[in-house]
Amino acid sequence: CSMGRKEDMASAAQKLMGQQEDVRNIGIVAHIDHGKTTLSDNLIAAAGLINKELAGKQQFMDFEDQEQDRGITINAANISLVPNVLGKQYLINMIDTPGHVDFGGEVIRAMRAVDGVVLVVDAVEGVMPQTETVIRQALRENVRPVLFINKVDRLINELQVDEAEMQKRFVKTITQVNILIQTNAPAGKDQTWQVNPGNGTVTFGSAYNHWAVSTTSMKRTGINFKQVYDLMKSDQQKEIAAKSPLEDTMFEMVVGHLPNPIQAQKYRSAVIWSGDKESEVGVSMLACDPKGPVAMMVTDVSVDPHAGDIATGRVYSGTLKKGVKVKLIGLQKEATINRVGVYMGPEFVEVESIPAGSIGAIVGLREAYAGQTVSELDMREFESFKTNVEPVITVSIEAKQTKDLPKLIEVIRQLTKEDPNLRASINQTTGEHLLSGMGELHLEINQYRIEKTHGVPITVSPPIVVYHETIQIASPELEGKSPNKHNKLLMMVEPIPHEIHEKLMDAKVKGKVKLKDKEWIDKFQQAGIGIDESKKVWAIENYNLLVDGTKGIQALHEIRELVIQGFQEAMHAGPLAKEEVHGVKVTLIDGKLHEDAIH
């Protein structure tokens, strides 16, 4: 589509951003190959950005060559649409997310930016493993779902089912989705967020053939389910698309049942931010106030060769404008916003300002990362993304030519910034660059980016699986001596119970514990650790605990930092295979220390 059309769309979006009740922030989520990108194509075509005939074939939101070649979505892609729904204009900020399990991190980050999701389910395949995963991720973030049962024509073309059997299959899928909603929905929403064909929160159709129907749209268009079935049976899907176009039905469902940011932030703020609700930022976020102090959470970072880092995220309070000075909370750094804009698929289109309740992008935040809190005030950081996703597979990569080494290091830095689920490290012994990812496909795609996109030829080792080490039973008390033999420490190690370990991972606590810090102590108690022990935790590393169980040792504070350092090093390279240690509690029981500090 022409760049001019996108700029017209961006300026229309700019006008509507201020009318927050007319804004919807939505994600399209599903199992792989259930039709998310095809659905997105149809909605983009309706907004006039691509040709309607090409919708479903163009895969507009899959703009990376790898996505087109493999026919899958890899990156969560944003676009702002300004459709006319039942005679009124709305701004719909939409994110098309990947369905492949290796790119689950993209879905998790997108869920923080949106308030509602359209869950797409293939009519033949039904609810699949990744369908369950994405709906859980959405509900963890207090994001409301609606359902689109796609590829309905497959039931007739491939399975030859009759009308009664088709309806039975629909009921089965809707029931499975509702069980997932009931089990995972936030408190008080387990019934009200259920999807129901009767109230229009379920839509049936074929994104590839450009049609969809719901009980609400049938009243409007006069078409009934029997007519839809007969037209499908006689292969006249173009007739259905003419009478009940997909985009009309979908936009009607999105606008009618998914919340606007003013409604959503009232109940989402408490889940994504644990600061003081009475503070200036807290009040402004609850009200989604564009006049309040800026508070934004970065959900995605892309590195542009000309503009540098572009940080995309959800604005929860205040208004982003060029020239505004903001703090990068967590890094203790300040930055000035150079430009603000919205993403139209692959392109960044500049706008004047982005008020609370919308998704926007900022140029000028060096060192921003996904999960970063950006604010005008010193505020508490947003909660980290609600997931325990960890890389499971590693390869070693080396530049084929030594002269490319500096470029390779820069490229790896850029890739890990854009994709926080990709981890890079250097093996100090061998000097190899190790790249860890979510699966073989994840690593394969990043190898392609290094070689083809960035032009650095590399050699890659066969993948190795990432292991963790742990212990199964408590040890006896063991004595360790310092190298000069003047100091002795008595310690024991024992496994952390599984449920406590899970809660520590959910709470995302790590690092040295500040003495008498009530917040840390509260988090340990919530995880199930006793009150007395919670006050004696010195450090947590890889979700392993170092606990001070000593009594009355005078100079203990002098060695505290050194013991923590030793504990951290031991937890990063375990005794079995130099892999990371998980789920272990190390208790310092007693110590004999030399009275002279120099020893």
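The values are calculated or read from the model by the stated rules, or taken from the named source; none is laboratory data. All values reported here derive from a predicted model rather than from experimental measurement. With ideal geometry, Cβ positions are generated from the backbone for all residues, glycine too; neighbour counts draw on all protein chains shown. Heavy atoms of the whole protein, side chains included, go into the accessibility calculation; ligands, DNA and RNA do not. Shrake-Rupley method; radii C 1.70, N 1.55, O 1.52, S 1.80 Å.
Of the residues Ile500, Ile529, which single one is under 30 Å from Glu141 (Cβ atoms), at pLDDT 85 or above and part of a loop (DSSP other than H, G, I, E, B)? Don't jump to the end; show me each part of the working.
Working: Ile500 fails: part of a loop (DSSP other than H, G, I, E, B).
That would be Ile529, the only listed residue that is under 30 Å from Glu141 (Cβ atoms), at pLDDT 85 or above and part of a loop (DSSP other than H, G, I, E, B).
For the range 264-288, the tally of residues that are charged (D, E, K, R), assigned to a helix (DSSP H, G or I), within 25 Å of Thr192 (Cβ to Cβ) and over 19 Å from the mean Cα position of the chain (by Cα) stands at 1.
Where strands (runs of 3 or more DSSP E) fall wholly inside the range 57-122, the ranges with 3 or more residues that are modelled with pLDDT under 85 are 77-81.
Checking the condition under 30 Å from Asp230 (Cβ atoms), aromatic (Phe, Trp, Tyr) and over 27 Å from the mean Cα position of the chain (by Cα), which residue from Phe170, Phe148 passes?
Numbers: Phe148 fails: over 27 Å from the mean Cα position of the chain (by Cα).
Just a single option satisfies the conditions, and that option is Phe170.
Checked against (1) surrounded by fewer than 17 Cβ atoms within 10 Å (Cβ to Cβ); (2) modelled with pLDDT under 85; (3) among the hydrophobic types (A, V, I, L, M, F, W, C), Phe524 meets all criteria but (1).
In the range 535-564, what residues are in a helix (DSSP H, G or I) and at pLDDT below 85?
Scanning the range 535-564 gives Leu556, His557, Glu558.
For the range 452-499, a residue qualifies if it is exposed (fewer than 15 other Cβ atoms within 10 Å of the Cβ), closer than 30 Å to Ile412 by Cα and charged (D, E, K, R), and exactly one does: Lys452. Taken over the range 410-450, the criterion of being free of Cβ contacts under 8 Å to residues at least 60 places away in the same chain and among the polar types (S, T, N, Q) is satisfied by Thr416, Ser425, Asn427, Gln428, Thr429, Thr430, Ser436, Asn446, Gln447. In the range 305-322 there is no residue matching the filter, namely being open to solvent by 20 Å² or more (accessible area, probe 1.4 Å), assigned to a strand (DSSP E or B), hydrophobic (A, V, I, L, M, F, W, C) and modelled with pLDDT under 85.
Out of the residues in the range 334-345 that are at pLDDT 85 or above and open to solvent by 10 Å² or more (accessible area, probe 1.4 Å), state the one that is nearest to Leu16 (Cα to Cα).
Going through the range 334-345, the residues at pLDDT 85 or above turn out to be 334-342.
Filter again for open to solvent by 10 Å² or more (accessible area, probe 1.4 Å), leaving 334-336, 338-339.
Values: Glu334: 30, Ala335: 28, Thr336: 25, Asn338: 23, Arg339: 19 Å.
Of everything passing the filter in the range 334-345, Arg339 is nearest to Leu16 (Cα to Cα).
Sort through Asn184, Asn209 and tell me the only one that's open to solvent by 20 Å² or more (accessible area, probe 1.4 Å) and either more than 30 Å from Ala370 (Cβ to Cβ) or not polar (S, T, N, Q) (or both). Before the answer, list the steps.
Details: Asn184 fails: either more than 30 Å from Ala370 (Cβ to Cβ) or not polar (S, T, N, Q) (or both).
Among Asn184, Asn209, only Asn209 is open to solvent by 20 Å² or more (accessible area, probe 1.4 Å) and either more than 30 Å from Ala370 (Cβ to Cβ) or not polar (S, T, N, Q) (or both).
In summary, helices (runs of 4 or more DSSP H) completely within the range 135-251 and bearing 1 or more residues that are touching a residue at least 40 places away in the same chain (Cβ under 8 Å) and among the acidic types (Asp, Glu) occur at 153-157, 163-184.
Take the conditions touching a helix residue (DSSP H, G or I) at 6+ places or on another chain (Cβ under 7 Å), at pLDDT below 90 and open to solvent by less than 40 Å² (accessible area, probe 1.4 Å) and apply them to Val586. Does it pass?
Values: touching a helix residue (DSSP H, G or I) at 6+ places or on another chain (Cβ under 7 Å): yes; at pLDDT below 90: no; open to solvent by less than 40 Å² (accessible area, probe 1.4 Å): yes.
Judged against the criteria, Val586 is not a match.
The set of residues from the range 352-374 being in contact with a Ser or Thr (Cβ under 8 Å, 6 or more places away or on another chain) and surrounded by fewer than 22 Cβ atoms within 10 Å (Cβ to Cβ) comprises Ser353, Gly364, Gly371. With respect to the conditions (1) more than 27 Å from the chain's Cα centre (by Cα); (2) open to solvent by less than 50 Å² (accessible area, probe 1.4 Å), Gly511 lacks only one, and its number is (1). What residue, of Leu331, Leu377, is touching a residue at least 60 places away in the same chain (Cβ under 8 Å), open to solvent by 20 Å² or more (accessible area, probe 1.4 Å) and part of a loop (DSSP other than H, G, I, E, B)? Residue meeting the stated conditions: Leu377. When Thr459 is tested against (1) at pLDDT below 90; (2) touching a Leu at 6+ places or on another chain (Cβ under 7 Å), only condition (2) is not met. Residue pairs whose Cβ atoms lie under 8 Å apart, sitting 6 or more positions apart in sequence or on different chains, and linking a residue in the range 491-509 that is without any contact (Cβ under 8 Å) to a residue 24 or more places away in the chain to a partner that is part of a helix (DSSP H, G or I) and not hydrophobic (A, V, I, L, M, F, W, C), are Ala507/Lys523; Ala507/Gln526. The condition of being open to solvent by 30 Å² or more (accessible area, probe 1.4 Å), touching an Asp or Glu at 6+ places or on another chain (Cβ under 7 Å) and of a type outside the set (S, T, N, Q) holds for only one of Lys536, Lys551, Lys516, that being Lys536. Residue count for the range 393-446 satisfying the condition of being in a loop (DSSP other than H, G, I, E, B), open to solvent by 30 Å² or more (accessible area, probe 1.4 Å) and modelled with pLDDT under 85: 7. Taking the range 187-196 as the range and being surrounded by 12 or more Cβ atoms within 10 Å (Cβ to Cβ) and either over 15 Å from Asp115 (Cβ atoms) or among the hydroxyl-bearing types (Ser, Thr, Tyr) (or both) as the test, the residues that pass are Asp190, Gln194, Val195, Asn196.
When both residues are 6+ apart or on different chains and their Cβ atoms are under 7 Å apart, which pairs have a first residue that lies in the range 519-542 and is of a type in the set (Asp, Glu), and a second that is in a helix (DSSP H, G or I)? These pairs meet every condition: Glu541/Phe567; Glu541/Gln568; Glu541/Met571.
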